[in-house]
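Comments concern the structure below.
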Amino acid sequence: MILIYLRPYAAWPGQILRPTIISMTEKFTGNFTQQEPIPEAGIAAALAVLRHGRLHRYNVAEGELGETALLEQEFAAETGAKYALAVASGGYAMTTALRAVGVCPGDRVLSNAFTLAPVPGAIAAVGAQPVFVGVTEALTIDLDDLAAKADQADVLLLSHMRGHICDMDQLMEICDASDVTVIEDCAHTMGAAWRGVPSGRHGVIGCYSCQTYKHLNSGEGGFLVTDDEMIAARTIMLSGSYMLYERHLAVPEPNVFEAIKYEMPNISGRMDNLRAAILRPQLAILAARVGRWNERYRMIENGLRGTPGLQVIDRPEEELYVGSSFQFLLLDWAGDRIREVVRRCGARGVEMKWFGAPEPAAFTSRYDSWRYASSQPMPVSDRILHGIVDMRIPLTFSLDDCALIARVIRAEVGAVCRS
Ligand SMILES: *Cc1c(COP(=O)(O)O)cnc(C)c1O
């Protein structure tokens, strides 16, 4: 079957609208895991590091400011934090954050039921146990459930899962009232904000990842930011700074380290100068990337709005999000019908993941698949998790690609809906 499709916009003023012939079974051929190349400036900086050979962050020539120290200074400025530390991964940043606020083996830590494995993994790494908090149809943490459970732990490891930010003002009110320390997992919200406050700056510590699938790409890597000088000093000692913390540029005064430097174990997880060299030019263009992600996100969102049976996630006005992935809900659909939508879209090149699958697949898993952590049944959240369909939006996709992806999903959801 052949369909005549009029492009809804002109690429430049005065362009004549041309009908485009599109077959009903058009296929998408892009790769959902292909990121953009490292900017040329990052490649050049990486080559310079390789040529001089000083890859370890503390291996600097006389008077030299290493790439890692400069990156930290720039990341602190970007987020408006007093202190920043670059580390080996996002998971390491979260584990270090938990240690730095004093979480001990046997403690309980509040966290999201809807998140990814590195989050409960970070809690397990310090010997603690997660207390899972539910998820709403906005795909954010359920604040009523949080209020009900706030007396069960001293710390909340809050995951801004897939970039959906809850009402942070209300969340902080709940946590402050119960003396719960908030650590933010900003793996999907680097560059995002709530009511103008950068994501990661409401809690006492913000943690970020620069793994390949996040907003900056150094393969592996992460950051931690805070305004608390004692916590900053602890994280730096924990990361394996030996007594070389004075070579940092976004750290508290040396006297702060004096108070804790013999108390903190060295649990090495430093960033190196090669990764930092790759990251600095990317950080400089983060805001532009956010804009490009959001154009793509809105293209898919507009294409899917009004699809019968499919619920797009409304984004609050207070939220500046980074649309690096897209989720929708097939709420109250039977599992085999959701699986059929995913299969049919997959056959047309649109790769989506379903959070409702009983067994973890690829990066999707659920609170009840982490068997090392005990959990209570959460029927309200289960209903939502069962309906979540998820896909990545790499910046290598064009806006036309995104329009095509939306057409494929719309058609296949419609076909399964009618069957
Ligand atoms: C990627 C990710 C992290 C951190 O992951 P690393 O691979 O350790 O950098 C943390 N939380 C979420 C939700 C993630 O997706």
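The helices (runs of 4 or more DSSP H) found wholly in region 106-182 and carrying at least 3 residues that are within 18 Å of G200 (Cα to Cα) and under 16 Å from the mean Cα position of the chain (by Cα) occupy 118-125.
Listed residues T212, T136; which is over 29 Å from P281 (Cβ atoms), open to solvent by 20 Å² or more (accessible area, probe 1.4 Å) and of a type in the set (V, I, T)?
Details: T212 fails: over 29 Å from P281 (Cβ atoms).
Of T212, T136, the one residue that is over 29 Å from P281 (Cβ atoms), open to solvent by 20 Å² or more (accessible area, probe 1.4 Å) and of a type in the set (V, I, T) is T136.
Taking the criterion of being open to solvent by less than 10 Å² (accessible area, probe 1.4 Å) and touching a Phe, Trp or Tyr at 6+ places or on another chain (Cβ under 7 Å), the residues of region 113-122 that qualify are A113, P120. Screening L71 with (1) at pLDDT 95 or above; (2) outside any helix (DSSP H, G or I) gives one miss only, at (2).
Scanning region 77-105 for residues that are open to solvent by 20 Å² or more (accessible area, probe 1.4 Å), hydrophobic (A, V, I, L, M, F, W, C), in a loop (DSSP other than H, G, I, E, B) and away from the ligand (no atom under 12 Å from the Cβ) yields V101, C104. Residues in region 89-105 that are more than 16 Å from the chain's Cα centre (by Cα) and not hydroxyl-bearing (S, T, Y): A97, L98, R99, A100, V101, G102, V103, C104, P105. Within region 215-226, one or more residues are surrounded by fewer than 20 Cβ atoms within 10 Å (Cβ to Cβ) and charged (D, E, K, R). Only residues that are without any contact (Cβ under 8 Å) to a residue 24 or more places away in the chain and surrounded by 14 or more Cβ atoms within 10 Å (Cβ to Cβ) were counted in region 297-314, giving 1.
Condition test on I205, is it away from the ligand (no atom under 12 Å from the Cβ), at pLDDT 95 or above and closer than 11 Å to A97 by Cβ?
It is true that I205 is away from the ligand (no atom under 12 Å from the Cβ), at pLDDT 95 or above and closer than 11 Å to A97 by Cβ.
This table checks each residue for (1) part of a helix (DSSP H, G or I); (2) in contact (Cβ under 8 Å) with a residue 24 or more places away in the chain.
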position: R371; (1), (2): no, no
position: S375; (1), (2): no, yes
position: S381; (1), (2): yes, yes
position: D400; (1), (2): yes, no
position: I409; (1), (2): yes, yes
position: A415; (1), (2): yes, yes
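Every condition in (1) crowded, with 19+ Cβ neighbours inside 10 Å; (2) within 12 Å of the ligand (Cβ to nearest atom) holds for A125 except the one numbered (1). Filtered by the rule that a residue be within 11 Å of the ligand (Cβ to nearest atom) and more than 20 Å from A122 (Cα to Cα), region 218-234 gives a lone residue, S218. Residues that are within 20 Å of the chain's Cα centre (by Cα) and within 21 Å of R339 (Cβ to Cβ) were ranked within region 385-400; the one that is surrounded by the most Cβ atoms within 10 Å (Cβ to Cβ) is I388. The conditions of being more than 15 Å from the ligand (Cβ to nearest atom) and without any contact (Cβ under 8 Å) to a residue 60 or more places away in the chain are met by A61. Any chance region 342-355 includes a residue that's aromatic (F, W, Y), assigned to a loop (DSSP other than H, G, I, E, B) and surrounded by fewer than 21 Cβ atoms within 10 Å (Cβ to Cβ)? No, because not a single residue in region 342-355 is aromatic (F, W, Y), assigned to a loop (DSSP other than H, G, I, E, B) and surrounded by fewer than 21 Cβ atoms within 10 Å (Cβ to Cβ).
Report, by residue number, each residue of region 183-202 that is within 11 Å of the ligand (Cβ to nearest atom) and either in a strand (DSSP E or B) or surrounded by fewer than 20 Cβ atoms within 10 Å (Cβ to Cβ) (or both). The answer is E184, D185.
For region 333-340, the criterion of being surrounded by 18 or more Cβ atoms within 10 Å (Cβ to Cβ) and part of a helix (DSSP H, G or I) is satisfied by at least one residue. Within region 151-164, residues that are in contact (Cβ under 8 Å) with a residue 60 or more places away in the chain have Cβ atoms under 7 Å from residues that are near the ligand (Cβ under 8 Å from one of its atoms) and of a type in the set (D, E) in these pairs: L157/D185, counting only partners at least 6 apart in sequence or on another chain. The condition of being open to solvent by 40 Å² or more (accessible area, probe 1.4 Å) and β-branched (V, I, T) holds for only one of I141, I38, that being I38.
The values are calculated or read from the model by the stated rules, or taken from the named source; none is laboratory data. All of these numbers come straight from a predicted model, not from anything done at the bench. Because the Cβ atoms are built from the backbone with ideal geometry, glycine has one as well, and the counts that use them run over all protein chains shown. All accessible areas refer to the heavy atoms of the entire protein, side chains included, with ligands and DNA or RNA removed. Shrake-Rupley method; radii C 1.70, N 1.55, O 1.52, S 1.80 Å.
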